[in-house]
Amino acid sequence: MSSQKRNIIIGVVLILAACVLLFAIKGVNAKKTTEKKTAESQKSLYQYSDETVNTYMISSDSEKITLKKGSDTNWHIDGNENVDLIQLSIDQAVEYLKELQYTQKIENGSQRLADFGLDRAITVEAVSDSGKSMKVTVGNATIDNSGYYIMKDGDPNVYVVDADCGKALSYAPSSFRNRYPQYVDYSNIDHINITRKNGKSFKIEPNPTGEITDGYGEYLLTGAYSFSVPVLTDKLADNIGGPLYEIVAADFIDNPQSDSYYGFDDPQLVCETVDKSGNQCTITIGNDADDKTVYAKFSGKDYVCTVLKEKTDKILNTNLFDIIGKHFVNESADSFSRIAFSTGASNSEIDINNGKETLNGKDMSSESFKNVFTLISNITMDGEADESKAKAEVFAITLTKADGTDEYKFLQYDDNYYAVERNGKTEFVTGQNNIKKLMDAVK
């Protein structure tokens, strides 16, 4: 036999062997796939992934609702179509039901329902357009919180499903309701108006010139005092922004009585937020509903609801002096063109032109000017003033900027403080020590 024929025969044999091996491997894989599918089917309570579901029912001991998909493809409460719902949560629950898998089976577990929390449980049912029903009752989470106990309708056994599935199926009927007020972008606000029945009303708005320093002056407080005051960002978040953002409905009243019944005709609090895209939300807070909640009305919503009193009380009871920065002057020295001082008996004037300072017409050293301006910048609001206690003027400063003039008069108040009259309004006191240092520096 020639070597050529031998090579051909060997090649054919190798090809046949490869084919046999390939078919053997395919056979093994097919067997494994079949076994896997069989195992999966044995762990399935429902296998209706191709079914279309447009009806979903949830019931508990205290409430029951039927949800249906409308022509807009959104879920609605049957008979109360105007109620806002969290669409994603409903879709998720339905998808879990359509292809429901379990991780553990407890034979005849229905004979001891209380052990699994199935005696006071949530029952859910999805019905497909072809009439197929997927109905289960959901009980407690397992001890390790890795799953939930459920019971399939008509099945005497209890099953354990994974935690994500169990949680999605265990929501009470009202949990699918959208509890949030109208949307606004709190990271991009135009302003927040707060009206308080028993306290100063005010407005929060972004500082048009930007943050003064880190955590200070990103926002301004206006309306509470005679001038806009920079606020401390963390204090604003703790006392106003955070509580306002966290106001959500606790319970719903879908057929409310008159506004006066809930106190909305004379509200404790009204919070209006507008973002720079024009989205607007108004939250009106009325009477106390109980010791933990108050009645609330959200703009754009048909219902009255209750919200947590701890959130609204935070805004109602905030002392605005606690959230503001305490410096009267927040601008840099080059913002001013003239600074005038008066001690009653004598007057002095610093003029600033093109970075050059003169005192009463004579050249002034940069070091001296820096010292004086630092002392001006250090004048702080050390408390709110009782205007009736303000007495004779001790010292005065007039600061002239491109956009106007601010006049500060320091009036005798008590042994430790001067009252500060700013542009004719006496609202704060300041410690005497810094003013005396400034007077000495001017002299």
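The values are calculated or read from the model by the stated rules, or taken from the named source; none is laboratory data. Fair warning: this is a prediction, and the values are worked out from it, not measured in the lab. Here the Cβ positions follow ideal geometry from the backbone for every residue, glycine too, while neighbour counts run over all protein chains shown.
Quick notes
- All positions within segment 149-200 that are assigned to a loop (DSSP other than H, G, I, E, B), of a type in the set (A, V, I, L, M, F, W, C) and more than 25 Å from residue 66 (Cβ to Cβ): 184
- Failed item in (1) loosely packed, with under 15 Cβ neighbours inside 10 Å; (2) under 30 Å from residue 372 (Cα atoms); (3) at pLDDT below 95, with residue 322 passing the rest: (3)
- So residue 90, is it in contact with a Leu (Cβ under 7 Å, 6 or more places away or on another chain), of a type in the set (Val, Ile, Thr) and under 29 Å from residue 248 (Cβ atoms): yes
- Just one of the listed residues (225, 261) is more than 12 Å from residue 311 (Cβ to Cβ) and not in a loop (DSSP other than H, G, I, E, B), and it is 261.
- Matching residues in segment 53-106 - criterion: being under 26 Å from residue 147 (Cβ atoms) and of a type in the set (Gly, Ala, Ser): 59, 60, 62, 89, 93
- Counting only strands (runs of 3 or more DSSP E) that sit wholly inside segment 373-442, those with at least 1 residues that are among the polar types (S, T, N, Q) are 393-401, 404-412, 425-431.
- In segment 236-255, the qualifying residues are those that are charged (D, E, K, R) and either in contact with a helix residue (DSSP H, G or I) (Cβ under 7 Å, 6 or more places away or on another chain) or not in a helix (DSSP H, G or I) (or both), and the one that is modelled with the highest pLDDT is 246.
- Condition met for residue 273 (buried (at least 21 other Cβ atoms within 10 Å of the Cβ), hydroxyl-bearing (Ser, Thr, Tyr) and out of contact with any Asp or Glu (no Cβ under 9 Å at 6 or more places or on another chain)): no
- Residue satisfying condition, being in the same structural domain as residue 172 (by TED's automatic domain parsing), among the hydrophobic types (A, V, I, L, M, F, W, C) and surrounded by 18 or more Cβ atoms within 10 Å (Cβ to Cβ), within set 65, 86: 65
- Residues located in segment 143-154, provided they are in contact with a helix residue (DSSP H, G or I) (Cβ under 9 Å, 6 or more places away or on another chain) and either touching a residue at least 40 places away in the same chain (Cβ under 8 Å) or closer than 27 Å to residue 250 by Cα (or both): 145, 147, 148, 149, 150, 151
- Residue within segment 303-317 that is outside the structural domain of residue 214 (by TED's automatic domain parsing), touching a residue at least 12 places away in the same chain (Cβ under 8 Å), among the aliphatic types (A, V, I, L, M) and outside any loop (DSSP other than H, G, I, E, B) present: no
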